[in-house]
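Here is the structure we will look at, set down as structure tokens.
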Ligand SMILES: [Zn+2]
Ligand SMILES: [Zn+2]
């Protein structure tokens, strides 16, 4: 969704229009300053006039509202095929790491490489999530459907817990297939595959970890709740902060280990400033608070599905 500044008002007033099939919002900014936990450049009080349009990606009972048992949340055979191919390429990589380590009797390096892969997968998930949350639109090449899906996720976070497994993972599984398959064919190095296998596996399953972060503890498998509590998987409380104002933190969704550092050091804010001054592109999070970030309450028909 692109947010365009139209300079037909005096310099202290701007109109931003979101051109999205999901939501068309006109945001009028005045000069009155609001206080947020993280001040951002030119953050101004916003008056929002939402004009809702139906999303092309969601079958709805009313405009914009996914319903319980929504067909768009179900897995198709093509989703399952992509998840199977993604898992196969990751398992080949892990098998090469294990067999290479067993043959050479050198286990430490592949294990350490796997640990680095796990830690960097969390960073990668944060950078990717920040990018698609803040830039581009449904019509962006390659990433358009992911951008549209993540914008829908901010509007209706609860849908991720209703999304079937392969439906939730297939986009990342496809990317993993295309990236890891050539690496499987090109190398037999156990250390390299220790890194690639763990990192790509964590990235592919990051959407499952994300779904678990939206699931109430009583509905989680006990082991998953345990892994969240010890910080090996992104916690529910940490990710809940991502869905609260000012909507510009806690982007990492594997272990969440990078979130505190990235947010305290304002790494994404620095990248946003660089992109703004180099390219003139404003991230969506600067237009917060906006109805496109705000969660919609579930309707009675959706609650029935719990
Ligand atoms: Zn997000
Ligand atoms: Zn979420």
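No value in this document is a laboratory result; all are computed from the given coordinates. This structure is a prediction, so every number in the text was calculated from the model and none was measured. Ideal geometry is used to build each Cβ from the backbone, glycine not excepted, and the neighbour counts take in all protein chains shown.
Miscellaneous remarks
- Per residue, the average separation of C-alpha pairs within less than 8 Å and at least 6 apart gives the range 121-251 a relative contact order of 26 percent.
- Taking other C-beta atoms within 10 angstrom as a stand-in for reagent exposure, 153, 193, 170 fall in the order 153, 170, 193, fewest first.
- Whole-number percent relative contact order across the range 70-303, with pairs defined as alpha carbons under 8 Å at least 6 apart: 29
- Stretch gain in nm, segment residue 271-residue 98, where the contour uses 0.36 nm per residue and the Cα spacing is subtracted: 58.5 nm
- Projected label points at residue 111 and residue 229, each 7 Å from Cα along the beta carbon direction, are separated by 2.6 nanometres.
- Each of 74, 284, 80, 163 was scored by other Cβ atoms within 10 Å of its Cβ. Arranged with the fewest first, they read 74, 80, 163, 284.
- Each of 107, 212, 130 was scored by other Cβ atoms within 10 Å of its Cβ. Arranged with the fewest first, they read 107, 130, 212.
- Cα-projected label distance for residue 127 with residue 165, points at 7 Å along beta-carbon direction, nm: 3.0
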